[in-house]
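Some notes on the structure that comes next.
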Amino acid sequence: MDGSLAEFLDQSVWTGKVYIDGWNDGTGGTEAVTAPADGALVGTIGRATARDLARAAASAAAAQPAWEATAPEERAAILNRAADILQANADELIPWIIRESGSIPPKAGIEIEHSAGFLRAAAEAALEPRVLALKSVDGREAEEQLIRVAHGVVGVISPFNFPLILSIRAIAAALATGNAVVHKPDPRTPISGGVMIARAFEDAGLPSCLLHIVPGGAEVGAAMCADPNIAMVSFTGSPEVGSKVGEACGRNLKKVQLELGGKNALIVMDDADLDIAASNAAWGTWLHQGQICMATGLILAPVAKAAMLAEMLATKAHHLPVGNPAMDACALGPLIVEAEAKRIEAIVEDAVAKGATLHVGGKAKGTMFPATVLSGVKPGMRAFEEEIFGPVAVVVAYTDEAQAVELANMSDFGLVGSVIGSDVARAKALGMRLKVGHLHINDQTVTASPIAPFGGRGRSGNGSRISGPAIWEEFTQYVWVTTKPAATPYPF
Ligand code: NAD
């Protein structure tokens, strides 16, 4: 690592600090951030309180109008520079992501590349027309326009699993459309989910007070949903917390965007190449230890092929080492905390007790959970019904297409569906019967793009989307403007 790169995340700048009007002390003291792999200290951040949140929101509200009035080209240039900065410092940033969130190096690299992609896509969106013409229908001969205006201050709340991407995709969308941002990263990943972002925008020249980072827990998130200076909350996380956030925002009449969990089915058609299907299912299930909202949660295979597919997955699982990605060559790193490993063990035990077959894995060692394969999974088992958020391949047999669709649609979630088969038209026709927000034919479920609207149906969200066209749809609102050349008289 050369000297200039090492300075980008210079710890003397941010250790023990929150980012409110620059790097300052929070009133919540400081907190150690530890590595999920071995408990080693990664860094120390400042902890914000509800009081700090209020200060940040007031500062953001004061700064926002000037930002909205800034030329779109200038906003776009700052977003593009932030993308350049992340990419230029990737060699320094990747090891932080590896240690803080237990990511294997390719996943950490994906965080940088996709985050840069979200920033660049938001920069392009910033240049889209803010003013749309509307055809006048009531004969008043007024020029009619729809002018899209920013909400004001957007509060962002993000989870631990992809802390950089899932924070940036909302922050970039909000800033691109002229909003200011107060961002609360998950307290377990505030460096990749907060410090890196603040540093990138600082160096990119974002004017001061437009972005504040308030590392903290539920109480800071709850304060965000009640703060009068915050007009919208963009939340990514669990359905349980999402529904609390939605309820609080509803009570306080705030716009809310919810990106929640998934129990995503990958349907293997009877004409699929089984090797390819197994490879897709393995990646979709085990990438980042299954801690992905888009993770493959059910692998649906024809009765005649399910046992073979489970064996193929088990063979792969035996060859996927689990370890500390900061030190070992491994395919799976740790889960975020040990309690998660215990929860997932209980899901596997429940399936086995109810008649499922455990082919490999199922037992954790601390935060380390091996690639696991269950087959013979059925409705009524927790492995069938719950979002596991861990590295468990759940193989379910189906008798015909109608049953495959029925099994896939039994979930309350509706984020992603995948279908793998040789007859593409047939696979797509079947896929279109799934209640999902993303459908992938001949691909696994973990697929995202900075220009595609991301989000799901049912318990996966509240019908909102993020990215692509959803940048303007969600992060601005319309002002309807009519203009007559001169005022005219009315009947009285
Ligand atoms: P979580 O809901 O526990 O936490 C998410 C964030 O909410 C954290 O920053 C947390 O501090 C904050 N929070 C907790 N209580 C709060 C409250 N009362 N008010 C406001 N904020 C509060 O989620 P997690 O365990 O960190 O992440 C896993 C979940 O996130 C899974 O369900 C996963 O599917 C989902 N997820 C969804 C997406 C998506 O885009 N749809 C992406 C990644 C993860």
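Miscellaneous remarks
- Long-range neighbours under 7 Å by Cβ, at least six apart or interchain, first residue over 13 Å from LEU175 (Cβ atoms) within the stretch 56-83, second outside any helix (DSSP H, G or I) and not hydrophobic (A, V, I, L, M, F, W, C): ALA56/HIS212; ALA57/ASP227; ALA57/ASN229; ALA58/ASN229; SER59/ASP21; SER59/HIS212; ALA61/GLY152; ALA61/ASN229
- Complete set of residues in the stretch 451-469 that are hydrophobic (A, V, I, L, M, F, W, C), within 13 Å of the ligand (Cβ to nearest atom) and open to solvent by 10 Å² or more (accessible area, probe 1.4 Å): ALA452, PHE454
- GLY366 meets the conditions (1) touching a residue at least 12 places away in the same chain (Cβ under 8 Å); (2) more than 24 Å from the chain's Cα centre (by Cα); (3) under 28 Å from PRO302 (Cα atoms) in every case but one. The failed one is (3).
- Total residues in the stretch 220-247, condition part of a helix (DSSP H, G or I), surrounded by 22 or more Cβ atoms within 10 Å (Cβ to Cβ) and among the β-branched types (Val, Ile, Thr): 2
Matching residues to (1) touching a Lys or Arg at 6+ places or on another chain (Cβ under 8 Å); (2) surrounded by fewer than 19 Cβ atoms within 10 Å (Cβ to Cβ):
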residue	(1), (2)
ASP10	no, yes
VAL13	yes, yes
LYS17	no, no
THR27	yes, yes
GLU68	no, yes
ALA71	no, yes
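- Of the strands (runs of 3 or more DSSP E) lying entirely inside the stretch 388-450, those containing at least 2 residues that are more than 16 Å from the ligand (Cβ to nearest atom) and more than 23 Å from the chain's Cα centre (by Cα) are 392-398.
- Scope the stretch 310-323; condition in contact with a helix residue (DSSP H, G or I) (Cβ under 7 Å, 6 or more places away or on another chain) and either open to solvent by 70 Å² or more (accessible area, probe 1.4 Å) or assigned to a helix (DSSP H, G or I) (or both); matching residues: MET312, LEU313, LYS316
- Residue count for the stretch 164-188, restricted to those that are more than 26 Å from ASP84 (Cβ to Cβ) and more than 8 Å from the ligand (Cβ to nearest atom): 0
- Picking from residues in the stretch 189-208 that are near the ligand (Cβ under 10 Å from one of its atoms) and outside any helix (DSSP H, G or I), the one that is surrounded by the fewest Cβ atoms within 10 Å (Cβ to Cβ) is THR189.
- Number of residues in the stretch 411-447 that are in contact with a Lys or Arg (Cβ under 9 Å, 6 or more places away or on another chain) and open to solvent by 40 Å² or more (accessible area, probe 1.4 Å) equals 4.
- Looking across the stretch 252-309, the residues that are within 18 Å of the chain's Cα centre (by Cα), of a type outside the set (A, V, I, L, M, F, W, C) and not in a helix (DSSP H, G or I) come down to GLN257, GLU259, GLY261, GLY262, LYS263, ASN264, GLN291, THR296, GLY297.
A quick yes/no check of all residues on (1) of a type outside the set (S, T, N, Q); (2) away from the ligand (no atom under 16 Å from the Cβ); (3) free of Cβ contacts under 8 Å to residues at least 24 places away in the same chain; (4) over 28 Å from ILE110 (Cα atoms):
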{"site": "GLU259", "(1), (2), (3), (4)": "yes, no, no, no"}
{"site": "ASP273", "(1), (2), (3), (4)": "yes, yes, no, no"}
{"site": "GLN291", "(1), (2), (3), (4)": "no, no, no, no"}
{"site": "LEU298", "(1), (2), (3), (4)": "yes, no, no, no"}
{"site": "ALA301", "(1), (2), (3), (4)": "yes, yes, no, yes"}
{"site": "LYS316", "(1), (2), (3), (4)": "yes, yes, no, no"}
{"site": "HIS319", "(1), (2), (3), (4)": "yes, yes, yes, no"}
{"site": "PRO325", "(1), (2), (3), (4)": "yes, yes, no, no"}
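- Under the condition of being more than 8 Å from the ligand (Cβ to nearest atom) and touching a helix residue (DSSP H, G or I) at 6+ places or on another chain (Cβ under 6 Å), the residues counted in the stretch 234-257 number 3.
- Of residues in the stretch 99-116 being touching a residue at least 60 places away in the same chain (Cβ under 8 Å) and open to solvent by 20 Å² or more (accessible area, probe 1.4 Å), the one farthest from LEU41 (Cα to Cα): HIS114
- The residue pairs whose first member lies in the stretch 434-446 and is closer than 13 Å to GLY261 by Cα, whose second member is open to solvent by 30 Å² or more (accessible area, probe 1.4 Å) and part of a strand (DSSP E or B), and whose beta carbons are closer than 8 Å, counting only pairs six or more residues apart or on different chains, are VAL436/ARG457; GLY437/ARG457.
- The set of residues from the stretch 143-163 being crowded, with 22+ Cβ neighbours inside 10 Å and either over 25 Å from ALA56 (Cα atoms) or within 12 Å of the ligand (Cβ to nearest atom) (or both) comprises GLY155, VAL156, ILE157, SER158, PRO159, PHE160, ASN161, PHE162, PRO163.
The values are calculated or read from the model by the stated rules, or taken from the named source; none is laboratory data. Everything numeric in this text was worked out from a predicted model, so none of it was measured. Note: ideal-geometry Cβ built from the backbone for every residue, glycine included; neighbour counts use all protein chains shown. Side chains are part of the model used for accessible areas, which takes the heavy atoms of the whole protein and leaves out ligands, DNA and RNA. Shrake-Rupley method; radii C 1.70, N 1.55, O 1.52, S 1.80 Å.
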